[in-house]
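Values quoted throughout were computed directly from the atomic coordinates according to the rules given, and no laboratory measurement underlies them. Computed from a prediction, not measured in an experiment: that's the story for all the values here. Counting neighbours? That spans all protein chains shown, and the Cβs are built from the backbone with ideal geometry, glycine included.
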Amino acid sequence: MQRRPVVAAALAVVPALGHAYLRRWTRGVAWLALLVGSALTVAGLHDAGVAGAVAPGVVPGSWPDGGVAVALAVVLGMSVADAYVLARRQASPGEVTCPRCGRPVDLSIEFCWFCSVEFDYVEE
Ligand SMILES: [Zn+2]
């Protein structure tokens, strides 16, 4: 099934959903973990009042309340871009991709270099 890059990017606004659409489960979970991790880190820095140590000039405890939202938006933006690029790579014509993991395959070997699935060649 051909997956459209725009759809993948739109779905990626919800963490991991765009990658699930592309069947890149591990990558989706990794993005989700990164998103949660960065949110907790920024929130933790905010609560601990160590913002001044991280960003000079910021008075401890005065980290903007939007800090967490900004961090989430940045990570989410990168996730969306990643989903879009992945989908484009999968959709690019002329390139043979692995039916299981979606990565480009080398047709001179009989298995996927990335996920080790074996290919059954169909003579045309
Ligand atoms: Zn594969």
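May I ask you to compute the full-extension gain from LEU107 to GLU95, defined as 0.36 nm times their residue separation minus their alpha-carbon distance, rounded to one decimal in nm?
Value of the extension gain: 3.3 nm.
Which order do peptides 71-81, 100-110, 12-22 fall in by mean Cβ count within 10 Å, highest first?
Details: 71-81: 16.1, 100-110: 13.4, 12-22: 20.7.
My ranking of the peptides, most packed first, is 12-22, 71-81, 100-110.
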